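Notes to accompany the following structure.
The values are calculated or read from the model by the stated rules, or taken from the named source; none is laboratory data. From a predicted model like this one, the values you see are computed outputs, not experimental measurements. Counting neighbours? That spans all protein chains shown, and the Cβs are built from the backbone with ideal geometry, glycine included.
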Amino acid sequence: MLDSLRYWLTEMHADGFRFDLAPTLARQEGGYSKVSAFLDMCSQDPVVCQAKLVAEPWDVGQMDSYDLGRFPPLWREWNGKYRDTMRDFWRSHPVGIGEFANRFTGSSDLYGTVGRRPTASVNLITVHDGFTLRDLVSYDDKHNEANGEDNRDGTSDNNSWNCGTEGPTSDPGILALRARQSRAMLATLLLSFGVPMLLGGDELGRTQQGNNNAYCQDNEITWLDWASADKELLDFTRRLIAFRRAHPVFRRRRFLAGAEASELQWFTPAGTPMDSGDWADPNARTLVIYLDGSDDPDRAEDATPLLDDDFLVLVNSWWEPLPFTLPPTRPGAEWHAEIDSYDPAAPAGAGKRHAGDRVTVSPRSVAVMRATPLPRLWVHEDEASAPHG
């Protein structure tokens, strides 16, 4: 296996590998072991250890068959808990606001306790196994009859919601709701800490007609119909990707310390800090996340601080619009609308709001607001210790 990996890296110039059912490669004495011979050899091989190594942490044929969070630091993992949480959250199932917050900020419960980084989490909403994003908001049940197995193949547990009608419809209200649900999940994915993984075609609104196990189909079910691309969804996805690339505060390479850290703070829609009762509320489906872009930022390779603006992420998974009171953050902060998943055509930079002002967040949507802090002087550690004349 190592010979094959080295060949693909040195001769074929692959950047890395995603290992299907990766725990099967790391069985030691019958079960998965993070110190197995294969994982140990990958970490010691001077070529392979430089590649991107991504594990699908599901196993097959084992009692304890899901090893999410149990791979060594060199590896990144498909985060199925992220997928299930975000699917349920946006269909208004009671997953818990703390569970949403944990997944949004990199799943520290899975990776932080063993010294790994948020980038160990490969966040996903959909992938090649299962529904596409369009089908996730269009079908309650799988429709795999075309596969020839009487619809017995493929998982029946999809955490999906058809928004009122199963499959295709011309109802403008249902179509608009499906579009909003798709944008809310895409916005969540591309704002979350970790590595976002987008299924090819989701940005175009691709459907597999409710087939969630379409590996055996080489026809219109699985082909990408470029001519019928959802242009509005494509434009919104491009905007999200450009936004993420432009703002390092959403690409933190370390876990923030939660409520005790000024770089990351949590507020209720009333603008008050979240307390234990708020976190424990089983009916909570709203949250405000404050990210300070200039407090203890990450560093670039040349040690330059990756300074950024400040952001508020306003999350509302209720089916009604709700008023949010902007919380007190940096003194004098002036907030401008940046992204609204409910209204993708809303221009960035609109409005001028301050702490205490009320903002209506539309149903089942994510809104992002930005404030530019005053210039701040950063001194490199070597410069700080040097004598000054």
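Side notes on the structure shown:
- Residue that is farthest from L224 (Cα to Cα) [pool: residues in segment 121-164 that are among the hydroxyl-bearing types (S, T, Y) and surrounded by fewer than 16 Cβ atoms within 10 Å (Cβ to Cβ)]: S156
- Considered as a group, the residues in segment 1-56 that are among the polar types (S, T, N, Q) and more than 25 Å from the chain's Cα centre (by Cα) include one that is farthest from E77 (Cα to Cα), and that residue is T10.
- Checking every residue in segment 15-30 against the condition of being small (G, A, S), outside any strand (DSSP E or B) and in contact with a Leu (Cβ under 8 Å, 6 or more places away or on another chain) gives at least one match.
- Residues in segment 173-197 that are touching a helix residue (DSSP H, G or I) at 6+ places or on another chain (Cβ under 7 Å) and either without any contact (Cβ under 8 Å) to a residue 40 or more places away in the chain or assigned to a loop (DSSP other than H, G, I, E, B) (or both): S192, F193, G194.
- Among (1) over 17 Å from the mean Cα position of the chain (by Cα); (2) assigned to a helix (DSSP H, G or I); (3) closer than 24 Å to W223 by Cβ - the single one N162 does not satisfy: (2)
- Verdict on S170 being touching a Cys at 6+ places or on another chain (Cβ under 8 Å), within 28 Å of S362 (Cβ to Cβ), assigned to a loop (DSSP other than H, G, I, E, B) and modelled with pLDDT of 95 or more: no
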